[in-house]
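Colleague: Can you keep this structure in mind? I'll have questions shortly.
We did not get these values from a lab; they are worked out from the coordinates using the rules stated. None of these values were measured; they are calculated from a predicted model. All Cβ positions, glycine included, derive from the backbone under ideal geometry; neighbour counts span all protein chains shown.
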């Protein structure tokens, strides 16, 4: 007998989901009300005045457009490079035999455990001497370098479930390693590449520490966001606007690529189970 | 087409040797089946021929040219994998034509080759589909098509039917055999299914623990297994074995079984008095009889009716024996019966070496 699904889980899960949505509602509410109305809490209903002053002020007083483009450039470069090269490194570590393979992998994994803070001062000196301060490369290079460890491990882990027979079939069909990688492995590694891309984009987009230290004129959105709150003026309404602007692109990207997160990573090459 | 020579080939992973001194000559156009249990090294040997595994020592030649160091793409061989290994992001047509595309064959030639192959294998309506939209049998055909279209020197099959259901497997078995007859291409087929080996092979290579145990035609191997392993592996239902000691009696020998019974042995130059012997007898060479001088008392353990035939499991002392009969014996489980054997069809093995003792059969 088929029993009807009970209703209570829907209510319980709905309430939990609401908890996650409340801050978003709060930020939107703060961005469209005068600051005076929200100092005692955005949830107060009386009085409620709708205004886009905060949006206007942020747009006029801060170089939002420029900061947005800077963030986009930094995050894009810092994402595209690991997405392209991490699978190549993962393929090499997983399928090729070459001298010092294990040691090289260990060195790479070592970068995994190095926190950002450790490299800041040496990097600052290096960038100052090489004149890279306030260029995109001053943040893109450490972003890519620090991401490589987990990106390679993530794709290598994905490849451990990749059907070996596909590689064998490609070799028998006439592919060398380069062709096997580009025409057989890459098209079937999109799930792993998308995962690397989404995570890396989010992290680099939201990153504050390195851009704040290395970028001046080319400040990114989170850096600009941090300048909105003054020492004496909290500017809650403007900070809310900046938060919304900063969140929009990662949200859109996540919505667009989320199917790759849930997609079955298994390659359907014909085998059962 | 090609002949393949394997000379003293070995394969080791570190200190673990998985193939020991393999010698095998495969004639042009021959259909060879490598058969053996899991882990016997048959797939490794096939992959070495394909170039997917390095040869540790010894040599593999195609048409007398040593190919040890040639990459797979330069060996001009085609392989059908157990998992089919169809490229998931390509259509059936692209899968079939990929090797030709890589070799930069003219488009018209590729199109006509793909058409030819898809007509032979009945894939005409499926060329635009992706592998995930195909059934198991269709995928298997595409994998075959991908191999055939290249017109290679040799075909290698790595358990290509093991993912199919029994009915489809039987159908594909005969189709592969017919295809081989049509193309007459040298083929090496790996399986652990001894029925596939028996029905498809020109010659069977039985392998165990990295050694070739016996090479011969299916009936040679069935009728004269070289040792206890081959005798037990080939044949379904499997051969029965009875241990005992040979005793000289009159002109010949009889076997004094460990269970205290006497079985008259056929002539063999290898037999000696008091020699420990393993006697092998195929289930179809045993029968249930009335009590007589050469019969053994037995208890019926289990009766397995299979429609066409019946398999009767009996116990003679502690020895468990299977009897294959086309009759439908009117006996119940637990009944006391007598079992007899065809003396000329008995197989004898030296219990120490487990090697066959020749008899004039």
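Colleague: Can you run the Rg to Rh ratio on chain B? Use alpha carbon positions and the Kirkwood inverse-distance Rh.
Modeller: Result: Rg/Rh = 1.07.
Colleague: Hey, fewest Cβ within 10 Å first, where do A:236, A:203 land in order?
Modeller: On the way: A:236 19, A:203 16.
Listed from fewest to most nearby Cβ atoms, that is A:203, A:236.
Colleague: With the cut-off at 1.5 for a/c, could you classify region B:215-323 from its C-alpha gyration tensor as rounded, prolate or oblate?
Modeller: Taking the square roots of the gyration eigenvalues as a ≥ b ≥ c, region B:215-323 is oblate.
Colleague: Based on the Cα atoms of region B:270-322, what semi-axes does the equivalent ellipsoid have, where each is the square root of 5 times one gyration tensor eigenvalue, given in whole Å with the largest first? Please report the intermediate quantities before stating the final value.
Modeller: Details: eigenvalues 124, 37, 26 Å².
Values for region B:270-322, descending: 25, 14, 11 Å.
Colleague: Where the centroid of each part is defined by its Cα atoms, how far is region B:282-361 from region B:264-278 in Å?
Modeller: 20 Å
Colleague: Based only on Cα atoms, what Rg/Rh ratio does region A:61-261 have, Rh being taken as Kirkwood's radius?
Modeller: 1.05
Colleague: Calculate the length of the line joining the C-alpha centroid of region B:97-117 to that of region B:1-15, in whole Å.
Modeller: With region B:97-117 and region B:1-15 each reduced to a Cα centre, they are spaced 32 Å.
Colleague: Sticking with this one: Going by alpha carbons, how many degrees (0 to 90, nearest 10) lie between the helix axis of B:136-148 and the longest principal axis of chain B?
Modeller: 70 degrees
Colleague: Next question. Tell me, A:181, A:95 in order of fewest to most beta-carbon neighbours within 10 Å?
Modeller: Least to most surrounded, the residues fall as A:95, A:181.
Colleague: Oh, and also: What average count of beta carbons from other chains do you get within 10 Å of the Cβ of residues in B:92-99?
Modeller: Partner-chain Cβ atoms within 10 Å, mean over residues of B:92-99: 2.
Colleague: Sorted from fewest to most neighbouring beta carbons within 10 Å, what does the list A:220, A:135, B:257 look like?
Modeller: Values: A:220 29, A:135 16, B:257 20.
Lowest count first: A:135, B:257, A:220.
Colleague: Further question: Take every residue in peptide B:52-65, count the Cβ atoms of other chains within 10 Å of its Cβ, and give the average of those counts.
Modeller: 1
Colleague: A follow-up question, please. Mind pulling the angle between the C-alpha long axis of helix A:137-159 and the longest principal axis of chain A? Nearest 10 degrees, somewhere in 0 to 90.
Modeller: On a 0 to 90 degree scale, this one is about 50.
Colleague: Over region A:55-189, what is the mean sequence separation of C-alpha contacts under 8 Å (at least six apart), divided by residue count, expressed as relative contact order in percent?
Modeller: Once normalised by length, the contact order is 36 percent.
Colleague: Hey, another quick one. For peptide B:71-78, compute the average count of partner chain beta-carbon atoms within 10 Å of each residue's beta-carbon.
Modeller: So the per-residue partner count for this stretch is 4.
Colleague: Sequence gap at least 6, Cα distance under 8 Å: using those rules, report the relative contact order of chain A to the nearest whole percent.
Modeller: Values: 248 pairs, mean separation 80.6, N = 273.
Result for chain A is 30 percent.
Colleague: Would you mind checking the radius of gyration and Dmax of region B:56-179 based on alpha-carbon positions, in Å?
Modeller: 15.2, 47
Colleague: Another question about this same structure. When every alpha-carbon pair in the protein assembly as shown is counted, what percent end up more than 47 Å apart?
Modeller: When all Cα pairs of the protein assembly as shown are counted, 44 percent exceed 47 Å.
Colleague: Treating region A:82-178 as a set of equal point scatterers at the Cα positions, no solvent, please give the Debye-formula log₁₀ I(q)/I(0) at q = 0.18 Å⁻¹.
Modeller: Each listed q maps to, in turn, -0.90.
Colleague: Helix-derived [θ] at 222 nm for the protein assembly as shown: sum -39500 (n - 2.57) over DSSP H runs of at least 4, divide by residue count, nearest 500? Mind dumping the intermediate values first?
Modeller: Numbers: 20 runs with 272 residues, N = 634.
That comes out to -13500 deg cm²/dmol.
Colleague: Rg to Rh for region A:8-51: what is it, with Cα atoms only and Rh by Kirkwood?
Modeller: 1.14
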